[in-house]
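Q: Pasting a structure here, questions to come.
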Amino acid sequence: MGTRIEDQPPEHWAGPESLDPTPVWKQFLLIGIFLLLGLVLVGVVAISALAPLMVTPPAVVVGERLVYPEFEVGPSGGARLVGSPVVDEAQSLYLVRLGSGEIVALSAHWAPHAGDVGCMIDWMPAASTGAAFVAPCGDRNAIPTFDTEGKALSGASRGLDRYLVSVTNGRVIVNLSRLIVSPERTSAPRSP
């Protein structure tokens, strides 16, 4: 047997049913449906990405992002508590404008150890010690104090937890799904 078609017996020939049985109009319909679904998906992603620019602040948009007006954060060294009804109590936070003009978002809850049940922190405006926040639930028989960046000053083995923040078009956008947990500092053993 050769490889030429004339050398093949008729029972080995492909019949008309072996040709592509899908009519052309069905192929065009399938391609059209997939293109339409792709456009809908791109539209949904685009709307969710632009949501922080379309809402009236303060608001929480899809993706657990808080949109807050920048002018309401206050002057340098000041803090603004954002809580209920804008965000739930567990996600309440302080927006602080630092001396450099940068805005940070600090969790309004603090615990001596990450994951423990903690307490609400309080803002201390114009404290002479340089402390900006105080937590009534210390773990070293001292009242923990923190500076405006959330770093522990005294009485605490870790700082305040932070959220990711971006500022664009006069809006502060805080990503509430990205809590940056402050590491716990421990003392090192003495060297021999």
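Q: May I ask you to say which residue of Thr148, Thr129 is of a type in the set (S, T, N, Q), surrounded by 15 or more Cβ atoms within 10 Å (Cβ to Cβ), modelled with pLDDT under 90 and in a loop (DSSP other than H, G, I, E, B)?
A: Residue meeting the stated conditions: Thr148.
Q: For the range 33-68, which positions are touching a residue at least 60 places away in the same chain (Cβ under 8 Å) and either of a type in the set (Val, Ile, Thr) or assigned to a helix (DSSP H, G or I) (or both)?
A: Pro52, Leu53, Val60, Val67
Q: Would it be correct to say that Leu95 is at negative phi, without any contact (Cβ under 8 Å) to a residue 40 or more places away in the chain and outside any loop (DSSP other than H, G, I, E, B)?
A: So Leu95 does not fit the description; no.
Q: Scan Ser76, Ser92 and give me the residue that is surrounded by fewer than 15 Cβ atoms within 10 Å (Cβ to Cβ) and under 26 Å from Ala152 (Cα atoms).
A: The conditions single out Ser76.
Q: Which ones in the range 77-123 are touching a strand residue (DSSP E or B) at 6+ places or on another chain (Cβ under 8 Å) and more than 23 Å from Pro144 (Cα to Cα)?
A: Hits for the range 77-123 are Val86, Val87.
Q: Let me ask something additional. Give me a count of the residues in the range 98-113 that are assigned to a loop (DSSP other than H, G, I, E, B) and either touching an Asp or Glu at 6+ places or on another chain (Cβ under 6 Å) or within 16 Å of Pro136 (Cα to Cα) (or both).
A: 4
Q: Right, something else. Would you please name the residue that is nearest to Ala142 (Cα to Cα), looking only at residues in the range 169-190 that are touching a residue at least 24 places away in the same chain (Cβ under 8 Å) and of a type in the set (Ser, Thr, Tyr)?
A: Among those residues, the one meeting the criterion is Thr186.
Q: Considering each residue of the range 159-192, count those that are modelled with pLDDT of 90 or more, of a type in the set (Val, Ile, Thr) and assigned to a loop (DSSP other than H, G, I, E, B), and give that number.
A: 1
The values are calculated or read from the model by the stated rules, or taken from the named source; none is laboratory data. These numbers were taken from a predicted model, which means no experiment stands behind them. Backbone-built Cβ (ideal geometry, glycine too); neighbour counts: all protein chains shown.
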